[in-house]
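Right, one structure below, let's go through it.
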Amino acid sequence: MASQSLPSALLDPASMDGVDLDHFWMPFTNNRFFKQNPRLFVAARDMHYTTADGRQVLDATAGLWCVNAGHGRAAITAAIAEAAATLDFAPTFQLGHPLPFRLASEVARIMPEGLDRVFFTNSGSESADTALKMALAYHHARGDHTRFRLIGRQRGYHGTNFGGLSVGGIGGNRRRFVSQVWGWTTCRTPTGRRCGFSAGCSRAMVAWPRNWKNWWRCTAPKRSPR
Ligand SMILES: Cc1ncc(COP(=O)(O)O)c(C=O)c1O
């Protein structure tokens, strides 16, 4: 199984000796408890993990739902290696390369009709925040500045970033952070930006965060938000 194709040092329980558990701060984990009772995998193949002491453990969650095709699939490993060797990274800010376009086309092909624009993210949390931003940007772009409220559901989980926490409904995740997101009223722009909204106006602009979304607002009375 897994042991045949992996460096033996990875599978040797002795290789765990001297591993310092101190510095890695584990997400969604009671770190103190874990570090007193570490449960470490050292390899995986198909549906199983291999523990540091050589036991096979069925992976019933497909990683964290991100290894749905199984662990260590040769074709996937080869594709990752080939991609890294050919072009490991190219920016997508003003530049590009063919693969994300090809992947986006493939995603669009299998999506329901009308859902044919694809924006790639690195995690569910980033996806949730991006979706919230898109919803706000959509109404903003069509000139409707009044639709800015975001509605979340009790017990909903939308990741661990501020936007997702704000619409999420898991108390423990919200308690410490969300009030700081929703609690803002106004604050001065740190850049000292000046208004140029109408001729002759050069009053200070303030950042006016409303529901975690900022927009600039002139401090002159009776002006619309910009
Ligand atoms: C609906 C939803 N939003 C956000 C997330 C967070 O994903 P990630 O852990 O990749 O940030 C998840 C993860 O399960 C999710 O199911």
Exercise. Cα centroids of region 132-161 and region 65-96: how far apart, whole angstrom?
Worked result: 32 Å
For this session: With no solvent and one equal point scatterer placed on each C-alpha of region 124-182, evaluate the Debye formula and give log10 I(q)/I(0) for q = 0.14, 0.18, 0.24, 0.28 Å⁻¹, two decimals.
Result: -0.38, -0.60, -0.93, -1.11
Problem set entry | Cα-projected label distance for Asp88 with Leu64, points at 7 Å along beta-carbon direction, nm | 2.4 nm
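Among Tyr157, Tyr138, what is the fewest-to-most ranking by other Cβ atoms within 10 Å? Display every interim value, and only then the final one.
Details: Tyr157 15, Tyr138 11.
Result, fewest neighbours first: Tyr138, Tyr157.
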Exercise. Hey, what D do you get for region 21-110 in µm²/s if you plug the Kirkwood alpha-carbon radius into Stokes-Einstein at 20 °C and 1.002 mPa s?
Worked result: 129 µm²/s
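Which of the trypsin sites (Lys or Arg not before Pro) across region 89-150 are loop residues per DSSP, with 16 or fewer other Cβ within 10 Å? The partial results should precede the final answer.
Numbers: sites: Arg102, Arg109, Arg117, Lys133, Arg142, Arg147, Arg149; in loops: Arg117, Arg142, Arg147, Arg149.
Sites meeting the loop and neighbour criteria: Arg117, Arg142, Arg147, Arg149.
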Problem set entry | Fewest-first sequence of Glu113, Glu82, Glu126 by Cβ atoms within 10 Å of each Cβ | Glu113, Glu82, Glu126
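Since every read-out is calculated from the coordinates, none of them should be taken as a lab result. Given the structure is predicted, the values throughout are model-derived calculations rather than measurements. Cβ sites come from the backbone with ideal geometry, for glycine too, and all protein chains shown count toward neighbours.
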